[in-house]
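Since every read-out is calculated from the coordinates, none of them should be taken as a lab result. Everything numeric in this text was worked out from a predicted model, so none of it was measured. Here the Cβ is made from the backbone with ideal geometry for all residues, glycine too, and neighbour counts use every protein chain on show.
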Amino acid sequence: MQTEIRTPVAGLPQTTEARNAGMELDLDRVMRVQANRPAIERRVATFPGRRTVKKNYQAAWLCKAITCIDLTTLAGDDTEGRVRRLAAKARQPVRADLLDALGMKGLRVGAVCVYHDMIAPARAALEGSGIPVAAVSTGFPAGLSPFHLRLAEIEESVKAGAEEIDIVISRRHVLTGNWEALYEEIRAFRAACGPAHLKAILATGELGTLRNVARASLVAMMAGADFIKTSTGKEAVNATLPVSLVMIRAIRDYFDETGYRVGYKPAGGISKAKDALSYLMLIKEELGNPWLSPDLFRFGASSLLGDIERQLEHHVTGAYSAGYRHPMG
Ligand SMILES: O=C[C@H](O)COP(=O)(O)O
């Protein structure tokens with residue numbers, strides 16, 4: 001199958017040649033991938049540990065976290081009004097007086113993430129902001145609708161103006177070790193995306209083992225995923241630090257082998273500022289500064305921004321406000 005190669009992210013030393021080289025399915029390489037759970041758990045148990053940052057440094061890290069949020073609403077009762085309020089929050093994620101005090105005018109989130117039907121109102125509400133709309137797709141969250149409809153759904157969402165498509169993989173391909181089928185599925189999704197970025201949701205809470213997570217991450221990258229993402233937010237277990245470490249190391253190995261930087265998106269259940277800091281520290285230590293940017297790192301989160309805003313308000317005013325004062329939509 002012919003798949004269009006994505007344009008490398010501006011400013012990063014990524015080449016089409018490098019991406020091409022990494023886009024074959026190398027089954028031997030996939031089968032060599034292992035994951036040592038005790039070692040992974042020991043490593044993440046040290047987070048945040050002594051890395052806790054305070055005062056101005058913490059405020060700066062929290063502002064960085066905001067720029068990396070895919071501000072999300074994925075509810076059956078989503079309305080255009082809710083999406084418009086979310087978009088207003090995306091344009092101005094923190095109260096103007098706090099932004100002034102922090103010297104962070106112009107701060108905005110990484111993207112707004114919605115279901116297909118909400119793309120148009122999100123696009124309209126974000127016009128001129130430069131904030132992209134991401135759409136969940138391919139029968140989200142289970143990914144069990146007919147294959148041709150999943151492809152058509154991607155095409156419709158791109159046509160409606162989504163610049164990023166969050167696809168869900170068929171978990172059964174991972175659980176049965178059918179890596180060829182997983183690769184072909186993501187290649188087809190990649191082709192259907194055309195100019196849009198593809199984020200591959202692995203639904204790690206349903207993949208059984210960390211080794212499966214590591215192998216699925218590698219196959220998704222070989223098939224052309226621009227980002228690999230942990231979860232839909234609808235599984236019983238969503239983003240965790242052990243799973244993140246496995247996926248981040250898969251990204252690092254893939255970069256070492258191909259020279260191509262794939263992004264990372266933990267999603268689901270990340271709602272506290274201190275958890276966001278742990279993720280950012282993990283990224284910094286394992287992947288380095290190039291990944292600390294919305295081009296290569298996103299939080300998929302519906303309520304994280306509210307807690308970050310509370311912490312920033314405390315930093316500026318010395319007082320905490322109640323959580324209900326920071327509604328998202
Ligand atoms: O991709 C984003 C997730 O669905 C958001 O999950 P959350 O509502 O637990 O933050």
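Tabulated data
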{"quantity": "Net dipole in debye of the chain [+1 Lys, Arg Cβ; -1 Asp, Glu Cβ; about Cα centre; nearest 20]", "calculated": "1180 debye"}
{"quantity": "On Cα atoms only, tilt of 210-222 relative to the major axis of the chain in degrees", "calculated": "80 degrees"}
{"quantity": "Sparse-neighbour loop sites [GluC sites (Glu not before Pro); the range 13-72; at most 14 other C-beta within 10 Å; DSSP]", "calculated": "Glu24"}
{"quantity": "Pairs of Lys in the chain closer than 15 Å at Cα, counting only those 8 or more apart or on different chains", "calculated": "14"}
{"quantity": "Cα-based Kirkwood hydrodynamic radius, the range 106-164, one decimal, Å", "calculated": "11.9 Å"}
{"quantity": "Selected from Ser302, Phe189, Ser271, residue furthest toward positive end of dipole (the chain; charges at beta carbon)", "calculated": "Ser271"}
{"quantity": "Pairwise centroid distance, computed over Cα atoms, of the range 163-186 with the range 224-262, Å", "calculated": "14 Å"}
{"quantity": "Spacing of the two label points (7 Å from each Cα toward its C-beta) at Arg91 and His148, in nm", "calculated": "4.2 nm"}
{"quantity": "C-alpha center-to-center spacing [the range 85-131, the range 291-322] in angstrom", "calculated": "13 Å"}
{"quantity": "q = 0.11, 0.15, 0.18, 0.26 Å⁻¹: log10 I(q)/I(0) that the Debye formula gives for the range 134-216, counting C-alpha atoms only", "calculated": "-0.26, -0.48, -0.69, -1.26"}
{"quantity": "Estimated vicinal HN-Hα couplings, Hz - the range 166-171 in sequence order (Karplus 6.51, -1.76, 1.60; Gly, Pro = x)", "calculated": "9, 8, 10, 8, 7, 4"}
{"quantity": "The chain: radius of gyration over Cα atoms, expressed as a fraction of 2.2 N^0.38 Å", "calculated": "0.95"}
{"quantity": "The chain, relative contact order in percent, only Cα pairs under 8 angstrom and at least six apart counted", "calculated": "21 percent"}
{"quantity": "With at most 12 other Cβ atoms within 10 Å, longest stretch of the chain clear of loop trypsin sites (Lys or Arg not before Pro) (DSSP)", "calculated": "106-329"}
{"quantity": "The chain: calculated mean residue ellipticity at 222 nm from DSSP helix runs of at least 4, using -39500 (n - 2.57)", "calculated": "-14000 deg cm²/dmol"}
